[in-house]
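**Q** Provided herewith is a single structure, encoded as structure tokens, for subsequent inquiry.
The values are calculated or read from the model by the stated rules, or taken from the named source; none is laboratory data. Every value quoted in this text rests on a predicted model; they were computed, and no experiment measured them. We place every Cβ from the backbone using ideal geometry, glycine too, and count neighbours over all the protein chains shown.
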Amino acid sequence: MKRSAPEQDINEDALEVGAPKTTAAGVKAVMVALDRGYSQAGVSRTLRSMLRVNQRGGVDCPGCAWPESITGARKPAEFCENGAKALAEESTTRTADAAWWAEHSIEDLSDKTEYWLGNQGRITEPMMIREGESHYRPVSWSQAFATVGEHINATTADRCVFYTSGRTANETAFMYQLFARSIGTNNLPDCSNMCHESSGTALSPTIGIGKGTVSLEDFEHSELIFVIGQNPGTNHPRMLSALADARKRGAQVVAVNPLPEAGLLNFRDPQTVDGLLKGGTRIADEFLQIKVGGDLALFQAFGHLLLEEEARNPGSVVDREFVDAQTNGFQAYAAARATIDWEATEEATGLSREDISLVASMLAKSKGTIICWALGLTQQPHSVDTLKELINVLLLQGNFGKPGAGACPVRGHSNVQGDRTMGVWEKPQEDFLAALDTEFDISTPREHGYDSTDTVEAFENDDVDVFVSMGGNFSLACSDTAALEAGMRRAGLTVHISTKPNRSHVVHGKTSLILPTLGRTDRDDKHPSGPQFLSVEDSMSVVHTTQGRLAPMSKHLLAEPVIVARMATATLGEGHAVDWRAMAQDYDVIRDHIAAVCPGFEDFNRRVRTRNGFVLPNPPRDTRTFATDIGKARFTVSPLEYLSAPEGHLILQTLRSHDQYNTTFYGLDDRYRGISNGRRVILVHPEDLTELGFQDRDLVDVISTFAGTQRRANRFRLISYPTARGCAAAYFPEANALVHRGLVARESNTPGYKAMTVGFVPHTEEPSRTFDERERPDRQPAPTA
Ligand SMILES: Nc1nc2c(c(=O)[nH]1)N[C@H]1C(S)=C(S)[C@@H](COP(=O)(O)OP(=O)(O)OC[C@H]3O[C@@H](n4cnc5c(=O)[nH]c(N)nc54)[C@H](O)[C@@H]3O)O[C@H]1N2
Ligand SMILES: Nc1nc2c(c(=O)[nH]1)N[C@H]1C(S)=C(S)[C@@H](COP(=O)(O)OP(=O)(O)OC[C@H]3O[C@@H](n4cnc5c(=O)[nH]c(N)nc54)[C@H](O)[C@@H]3O)O[C@H]1N2
Ligand SMILES: [Mo]
């Protein structure tokens, strides 16, 4: 039965604000999960998908990259409220079919939000629009692929861009990068560029691997766990079970965040009877309500205090044996941390010396510390330095390669880590390219390509003729929305391999294709060799299978590997050195190629079929060794740096509500923060509101400033909220129009989504001014309407 989509779009005037919650999950989470499932997909599809999620041989939850246990038993229901919403979103029986596209012109769709677009349902057949047309219309698959081939062959490889969103499975990702490189480009931006790129950039030179060094079992042995710049109650809810279990065993948890997020405070485990019936488990023993951007200062202070304690009590804190044998640069680090400017540290962090010292003493006593972090640490100009400072503190106490210790970047999209392992990277390493060349007898390009931020710039400069998007929603995920969208509209061809309608389909190139694909939960059985499965790599480097079992909503959908193979054949011709067809027919063939090219994937086909899959090698974790260029881990020295806003301004961070998946909105209830029905809000501390001369619920226009230029986004409501002083928070993607594309993290080029300087003016009807034409001297100013 087709269930109907909401007819109404968001009405921001219906905004409701209640008190923020202090406990996450519980019975309510289960109720919401079931309700969303039933209303999208009905009872039977919902139960079938929920019971198979994250089970051995089942479907990997598309919600996040948090791992499942590989040693212990799995719970009968290994899902969380937001995982269930992700499943409901995908297994929906609503469809955006050809009749739907015929009903809605691009003009109609252009003022719709993602809430409305995404809720229309699954796309059922390939669609195309050409310059001058008002509607997408159906196109045959062969015509669609021929169009891709014609456009790519009519331009040069460096003007083609291949974006990947992190939901793409390993096998698809491998074929996709091979396709881009066979054409001759490394223009392979991915969502990782906007997400944990700063983590990889900080980890590779310091510990010799760009990934985390803990396993889920380490949570069972740790004495102290930090959760920094992360909102697990919403974005990684199953992580709360691991934290609650660790606390019950006696571990301590410290949360560092500008916001008192509910999931950091208390948790009722919806997967246990106690959790449902009894009171919650407290999560954080200590909560440091830090100012946005203050973490570098905090970890420099920790380093200072740990060294002070070591001087008082030699041998009590620093793991000398480890530091001497396995690291480099300790002397310079110790010298830099010998002194501290407490005034600057308190200014940077908004925390008192006492609070910082209290947590430092917990660190000093801990024999096994894990530091978890997510985007609160990766999307600021000094992010890479901040993360190197975290590594310094872990190195001091030898928190690598022993149970219960290590670095834990908590990844976002369910296979974002795997996509990078498969070579989706604009800066590939020589070893990887050489292995591809040998395996396929091709010559891949060596010149580095565009990352996501470079791609925004390339669109603005009219340097993109063909843009292919493997999943995702590029126009809303990136910075400088208005300028980017204008650029996307000028491109020759945009191709979106998607499951559901989104904004990037609406701001299409002169010609545009939407290629509808099977999702994670869909059965993929139209192959000569029978039903196929795919594989993913979780946040802790475990590679395992994922296989959907639900009947697809349309018989026209193609699997992602098949789409890549057919685009490649249409572009490169039947005689190309790579046997694309063989890979599309039998995914074991793809896996055999991966085994030959990617280190750690030897005997892939056999090992991935074992009960738990397999764990990729991780030198710091497995052998306490560091494969850096010097064969040792590195201490680093960074200057103190933090964000400060001029008088009358605040530092704005952007974040996710409890009811969205990145640019897709499941619903309009940010339940834990008490905000519902509206999304254009800015959370501000009550005293800052007063100082700025505004009141709770005032309607304002927001002006961001960067390098002497401004962006303006209109009609946001100020909400009095207990955030850290001097800081504000708004939802992603509504606030992306305010992010200048030049505001990025140094070295990683990740957008500064959590580092904007903003001011407010009372709302007027003055039009949004999202980018300044004076920045583009080569262009005529845009005509005013
Ligand atoms: N349900 C759901 N799950 C998801 C996603 C989703 O959208 N919905 N997205 C997935 C993806 S792709 C990703 S990358 C992850 C994202 O997971 P998170 O990183 O948890 O996502 P954000 O909502 O951006 O939350 C950032 C947190 O950092 C805090 N923060 C902001 N600035 C600072 C700072 O300067 N210092 C500190 N210490 N904290 C700061 C914010 O207050 C907020 O709590 O989640 C994944 N899982
Ligand atoms: N201001 C601000 N901006 C941010 C962030 C932030 O914190 N603040 N976070 C950044 C981060 S961490 C990320 S990861 C990016 C997210 O950027 P993206 O990954 O580009 O965006 P998503 O919203 O996850 O993509 C949603 C679309 O994916 C498609 N889709 C869903 N499932 C499938 C599937 O199985 N196959 C295919 N082919 N398509 C599918 C659907 O059509 C859906 O519309 O945004 C970044 N942007
Ligand atoms: Mo992400």
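**Q** Do you know which of the residues in the stretch 373-427 that are hydroxyl-bearing (Ser, Thr, Tyr) and outside any helix (DSSP H, G or I) is nearest to LEU655 (Cα to Cα)? Please lay out each step first, then the result.
**A** Residues of the stretch 373-427 hydroxyl-bearing (Ser, Thr, Tyr): 378, 383, 386, 414, 421.
Keeping just the survivors that are outside any helix (DSSP H, G or I) gives 378, 414.
Details: THR378: 13, SER414: 18 Å.
For the stretch 373-427, the residue satisfying everything is THR378.
**Q** Shifting gears a bit: Check every one of the strands (runs of 3 or more DSSP E) wholly within the stretch 247-308 and list those with 1 or more residues that are at pLDDT below 95. So that I can check it myself, show each step before the final result.
**A** Values: elements: 252-256, 266-268, 286-288.
Strands (runs of 3 or more DSSP E) meeting the threshold: 266-268.
**Q** Answer yes if at least one residue in the stretch 619-629 is on the phi < 0 side of the Ramachandran plot, within 16 Å of ligand 2 (Cβ to nearest atom) and crowded, with 18+ Cβ neighbours inside 10 Å, and no otherwise. Give the derivation first.
**A** First, pick out the residues of the stretch 619-629 that are on the phi < 0 side of the Ramachandran plot: 619-623, 625-629.
From the residues that got through so far, the ones that are within 16 Å of ligand 2 (Cβ to nearest atom) too are none.
Looking for residues that are on the phi < 0 side of the Ramachandran plot, within 16 Å of ligand 2 (Cβ to nearest atom) and crowded, with 18+ Cβ neighbours inside 10 Å, one finds none in the stretch 619-629, hence no.
**Q** Here's another thing I want to ask about it. Hey, could you check the stretch 16-27 for residues that are crowded, with 18+ Cβ neighbours inside 10 Å and either β-branched (Val, Ile, Thr) or in the same structural domain as GLY667 (by the TED database) (or both) and say which is nearest to ALA255 (Cα to Cα)?
**A** Pass one, the stretch 16-27, residues crowded, with 18+ Cβ neighbours inside 10 Å: 17, 20-21, 23-26.
Pick out the ones that are also either β-branched (Val, Ile, Thr) or in the same structural domain as GLY667 (by the TED database) (or both) and you get 17, 23.
Values: VAL17: 25, THR23: 14 Å.
Step by step, filter the stretch 16-27, then rank; the result is THR23.
**Q** Restricting to the stretch 532-571, what's the tally of residues that are in contact with a helix residue (DSSP H, G or I) (Cβ under 6 Å, 6 or more places away or on another chain), in a helix (DSSP H, G or I) and not hydroxyl-bearing (Ser, Thr, Tyr)?
**A** 9
**Q** Is the stretch 645-652 home to any residue that is without any contact (Cβ under 8 Å) to a residue 40 or more places away in the chain, part of a loop (DSSP other than H, G, I, E, B) and of a type outside the set (A, V, I, L, M, F, W, C)? Explain how you work it out, then say what you get.
**A** Taking the stretch 645-652 and keeping what is without any contact (Cβ under 8 Å) to a residue 40 or more places away in the chain, we get 647.
With the extra rule that they be part of a loop (DSSP other than H, G, I, E, B), the set shrinks to 647.
Imposing the further condition that a residue be of a type outside the set (A, V, I, L, M, F, W, C) reduces the set to 647.
Scanning the stretch 645-652, I find at least one residue that is without any contact (Cβ under 8 Å) to a residue 40 or more places away in the chain, part of a loop (DSSP other than H, G, I, E, B) and of a type outside the set (A, V, I, L, M, F, W, C), so the answer is yes.
**Q** Also, I was wondering about something else. Assess whether ALA724 counts as being modelled with pLDDT of 95 or more, of a type in the set (A, V, I, L, M, F, W, C) and either in contact with a helix residue (DSSP H, G or I) (Cβ under 8 Å, 6 or more places away or on another chain) or outside the structural domain of TYR661 (by the TED database) (or both). Full working, then the answer.
**A** Values: modelled with pLDDT of 95 or more: yes; of a type in the set (A, V, I, L, M, F, W, C): yes; either in contact with a helix residue (DSSP H, G or I) (Cβ under 8 Å, 6 or more places away or on another chain) or outside the structural domain of TYR661 (by the TED database) (or both): no.
It is false that ALA724 is modelled with pLDDT of 95 or more, of a type in the set (A, V, I, L, M, F, W, C) and either in contact with a helix residue (DSSP H, G or I) (Cβ under 8 Å, 6 or more places away or on another chain) or outside the structural domain of TYR661 (by the TED database) (or both).
**Q** If you don't mind, there's one more thing I want to ask. Being charged (D, E, K, R), away from ligand 3 (no atom under 16 Å from the Cβ), under 22 Å from VAL637 (Cα atoms) and at pLDDT 95 or above is true for just one of ASP441, ASP385, ASP431, ASP437. Which residue is that?
**A** It is ASP385.
**Q** Could you list, in sequence order, the residues of the stretch 532-559 that are without any contact (Cβ under 8 Å) to a residue 60 or more places away in the chain, touching a Lys or Arg at 6+ places or on another chain (Cβ under 7 Å) and either small (Gly, Ala, Ser) or more than 12 Å from ILE123 (Cβ to Cβ) (or both)?
**A** ALA551 - this is the single residue of the stretch 532-559 that is without any contact (Cβ under 8 Å) to a residue 60 or more places away in the chain, touching a Lys or Arg at 6+ places or on another chain (Cβ under 7 Å) and either small (Gly, Ala, Ser) or more than 12 Å from ILE123 (Cβ to Cβ) (or both).
**Q** Restricting the search to the stretch 170-209, which residues are within 16 Å of ligand 1 (Cβ to nearest atom) and part of a loop (DSSP other than H, G, I, E, B)?
**A** PRO189, CYS195, HIS196
**Q** It is to be established whether one or more residues within the stretch 401-411 are more than 15 Å from ligand 3 (Cβ to nearest atom) and free of Cβ contacts under 8 Å to residues at least 12 places away in the same chain. Quick ask: steps written out before the conclusion?
**A** We begin by selecting, within the stretch 401-411, every residue more than 15 Å from ligand 3 (Cβ to nearest atom); these are 401-408.
If we keep only those that are free of Cβ contacts under 8 Å to residues at least 12 places away in the same chain too, we end up with none.
Among the residues of the stretch 401-411, not one is more than 15 Å from ligand 3 (Cβ to nearest atom) and free of Cβ contacts under 8 Å to residues at least 12 places away in the same chain, which makes the answer no.
**Q** Conditions first: (1) in contact (Cβ under 8 Å) with a residue 60 or more places away in the chain; (2) over 30 Å from ASP588 (Cβ atoms); (3) touching a Ser or Thr at 6+ places or on another chain (Cβ under 8 Å); (4) outside any helix (DSSP H, G or I). ALA483 passes all but one, so which condition is the exception?
**A** (4)
**Q** Still on this structure, I have one more. Checking the structure you have, find out if any residue of the stretch 502-522 is of a type in the set (A, V, I, L, M, F, W, C), in a loop (DSSP other than H, G, I, E, B) and closer than 27 Å to LEU738 by Cα. So that I can check it myself, show each step before the final result.
**A** Step one: filter the stretch 502-522 for residues of a type in the set (A, V, I, L, M, F, W, C), giving 506-507, 513-515, 518.
After this cut, where a residue has to be in a loop (DSSP other than H, G, I, E, B) as well, the list is 507, 518.
Next cut, closer than 27 Å to LEU738 by Cα only: 507.
Yes: one or more hits.
**Q** Shifting gears a bit: Please specify each residue of the stretch 417-446 satisfying the condition of being charged (D, E, K, R), out of contact with any helix residue (DSSP H, G or I) (no Cβ under 6 Å at 6 or more places or on another chain) and surrounded by fewer than 20 Cβ atoms within 10 Å (Cβ to Cβ).
**A** LYS427, GLU430, ASP431, ASP437, ASP441, ARG446
**Q** So, of the residues in the stretch 192-210 that are buried (at least 21 other Cβ atoms within 10 Å of the Cβ) and over 19 Å from ASN749 (Cβ atoms), which turns out to be farthest from ligand 3 (Cβ to nearest atom)?
**A** Per the stated criteria, the residue is ILE207.
This table checks each residue for (1) farther than 26 Å from GLY229 by Cα; (2) out of contact with any Leu (no Cβ under 9 Å at 6 or more places or on another chain); (3) of a type in the set (Phe, Trp, Tyr).
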| residue | (1), (2), (3) |
| --- | --- |
| LEU699 | yes, no, no |
| PHE706 | no, no, yes |
| THR709 | yes, yes, no |
| ARG715 | yes, no, no |
| TYR721 | no, no, yes |
| TYR731 | no, no, yes |
| PRO751 | no, no, no |
| MET756 | no, no, no |
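**Q** Return yes when GLY329 is at positive phi, within 30 Å of the chain's Cα centre (by Cα) and surrounded by 15 or more Cβ atoms within 10 Å (Cβ to Cβ) and no when it is not. So that I can check it myself, show each step before the final result.
**A** Working: at positive phi: yes; within 30 Å of the chain's Cα centre (by Cα): no; surrounded by 15 or more Cβ atoms within 10 Å (Cβ to Cβ): yes.
Against the criterion (at positive phi, within 30 Å of the chain's Cα centre (by Cα) and surrounded by 15 or more Cβ atoms within 10 Å (Cβ to Cβ)), GLY329 does not qualify.
**Q** Assuming PHE467 fulfils every condition listed in (1) buried (at least 22 other Cβ atoms within 10 Å of the Cβ); (2) among the aromatic types (Phe, Trp, Tyr); (3) part of a helix (DSSP H, G or I) apart from one, which condition is it?
**A** Among (1) buried (at least 22 other Cβ atoms within 10 Å of the Cβ); (2) among the aromatic types (Phe, Trp, Tyr); (3) part of a helix (DSSP H, G or I), the lone unmet condition for PHE467 is (3).
**Q** In the stretch 556-600, how many are polar (S, T, N, Q) and touching a Gly at 6+ places or on another chain (Cβ under 7 Å)? Quick ask: steps written out before the conclusion?
**A** Taking the stretch 556-600 and keeping what is polar (S, T, N, Q), we get 569, 571, 585.
Next cut, touching a Gly at 6+ places or on another chain (Cβ under 7 Å) only: 571.
Number satisfying all stated conditions: 1.
**Q** Here's another thing I want to ask about it. Within the stretch 150-169, count every residue that is crowded, with 21+ Cβ neighbours inside 10 Å, more than 16 Å from ligand 3 (Cβ to nearest atom), closer than 23 Å to GLU125 by Cα and of a type outside the set (Val, Ile, Thr).
**A** Within the stretch 150-169, the subset crowded, with 21+ Cβ neighbours inside 10 Å is 151-152, 160-169.
Retained after the next criterion (residues that are more than 16 Å from ligand 3 (Cβ to nearest atom)): 151-152, 160-162, 169.
In the following step, the residues that additionally are closer than 23 Å to GLU125 by Cα were identified as 151-152, 162, 169.
Remaining after also requiring of a type outside the set (Val, Ile, Thr): 151, 162, 169.
Counting residues in the stretch 150-169 that are crowded, with 21+ Cβ neighbours inside 10 Å, more than 16 Å from ligand 3 (Cβ to nearest atom), closer than 23 Å to GLU125 by Cα and of a type outside the set (Val, Ile, Thr) gives 3.
**Q** Taking the residues in the stretch 577-605 that are touching a helix residue (DSSP H, G or I) at 6+ places or on another chain (Cβ under 7 Å) and closer than 18 Å to GLY149 by Cβ as candidates, determine which candidate is surrounded by the fewest Cβ atoms within 10 Å (Cβ to Cβ).
**A** Step one: of the stretch 577-605, the residues touching a helix residue (DSSP H, G or I) at 6+ places or on another chain (Cβ under 7 Å) are 577-578, 580-584, 587-598, 601-605.
Narrowing further to those that are closer than 18 Å to GLY149 by Cβ: 577-578, 580-581, 583-584.
Details: ALA577: 10, VAL578: 21, TRP580: 23, ARG581: 15, MET583: 24, ALA584: 24.
The qualifying residue surrounded by the fewest Cβ atoms within 10 Å (Cβ to Cβ) is ALA577.
**Q** Answer yes or no: is there a residue in the stretch 339-356 that is of a type in the set (Gly, Ala, Ser) and within 16 Å of ligand 3 (Cβ to nearest atom). Break it down into steps so the answer makes sense when it comes.
**A** Taking the stretch 339-356 first, the residues of a type in the set (Gly, Ala, Ser) are 344, 348, 350, 352.
Next, from what is left, pick out any that are within 16 Å of ligand 3 (Cβ to nearest atom): none.
No, every residue in the stretch 339-356 fails to be of a type in the set (Gly, Ala, Ser) and within 16 Å of ligand 3 (Cβ to nearest atom).
**Q** Would you mind stating whether THR147 is modelled with pLDDT of 95 or more, surrounded by 15 or more Cβ atoms within 10 Å (Cβ to Cβ) and within 16 Å of ligand 3 (Cβ to nearest atom)? Walk me through it before giving the result.
**A** Numbers: modelled with pLDDT of 95 or more: yes; surrounded by 15 or more Cβ atoms within 10 Å (Cβ to Cβ): yes; within 16 Å of ligand 3 (Cβ to nearest atom): no.
No: the conditions fail for THR147.
**Q** Can we say ILE682 is within 15 Å of THR757 (Cβ to Cβ), assigned to a strand (DSSP E or B) and at pLDDT 95 or above?
**A** On the way: within 15 Å of THR757 (Cβ to Cβ): yes; assigned to a strand (DSSP E or B): yes; at pLDDT 95 or above: yes.
Judged against the criteria, ILE682 is a match.
**Q** When the residues of the stretch 732-785 are filtered to those that are among the polar types (S, T, N, Q) and closer than 16 Å to ALA486 by Cβ, which remaining residue is modelled with the highest pLDDT? Full working, then the answer.
**A** The first filter runs over the stretch 732-785 and keeps only residues among the polar types (S, T, N, Q), leaving 736, 748-750, 757, 764, 768, 770, 780, 784.
Keeping just the survivors that are closer than 16 Å to ALA486 by Cβ gives 736, 768, 770, 780, 784.
On the way: ASN736: 97, SER768: 61, THR770: 54, GLN780: 39, THR784: 35.
Taking the candidates together, the pick is ASN736.
**Q** Would you check if THR213 is surrounded by fewer than 24 Cβ atoms within 10 Å (Cβ to Cβ), touching a residue at least 12 places away in the same chain (Cβ under 8 Å), among the polar types (S, T, N, Q) and in contact with a helix residue (DSSP H, G or I) (Cβ under 6 Å, 6 or more places away or on another chain)? Full working, then the answer.
**A** Details: surrounded by fewer than 24 Cβ atoms within 10 Å (Cβ to Cβ): no; touching a residue at least 12 places away in the same chain (Cβ under 8 Å): yes; among the polar types (S, T, N, Q): yes; in contact with a helix residue (DSSP H, G or I) (Cβ under 6 Å, 6 or more places away or on another chain): yes.
No; evaluated as a whole, the condition is false for this residue.
**Q** To continue, here is another question. Yes or no: the stretch 315-332 includes at least one residue that is part of a loop (DSSP other than H, G, I, E, B) and basic (Lys, Arg).
**A** First, the residues of the stretch 315-332 that are part of a loop (DSSP other than H, G, I, E, B): 315-319, 329.
Retained after the next criterion (residues that are basic (Lys, Arg)): none.
Scanning the stretch 315-332, I find no residue that is part of a loop (DSSP other than H, G, I, E, B) and basic (Lys, Arg), so the answer is no.
**Q** What number of residues in the stretch 92-141 are under 30 Å from SER49 (Cα atoms) and assigned to a loop (DSSP other than H, G, I, E, B)?
**A** Here the count works out to 12.
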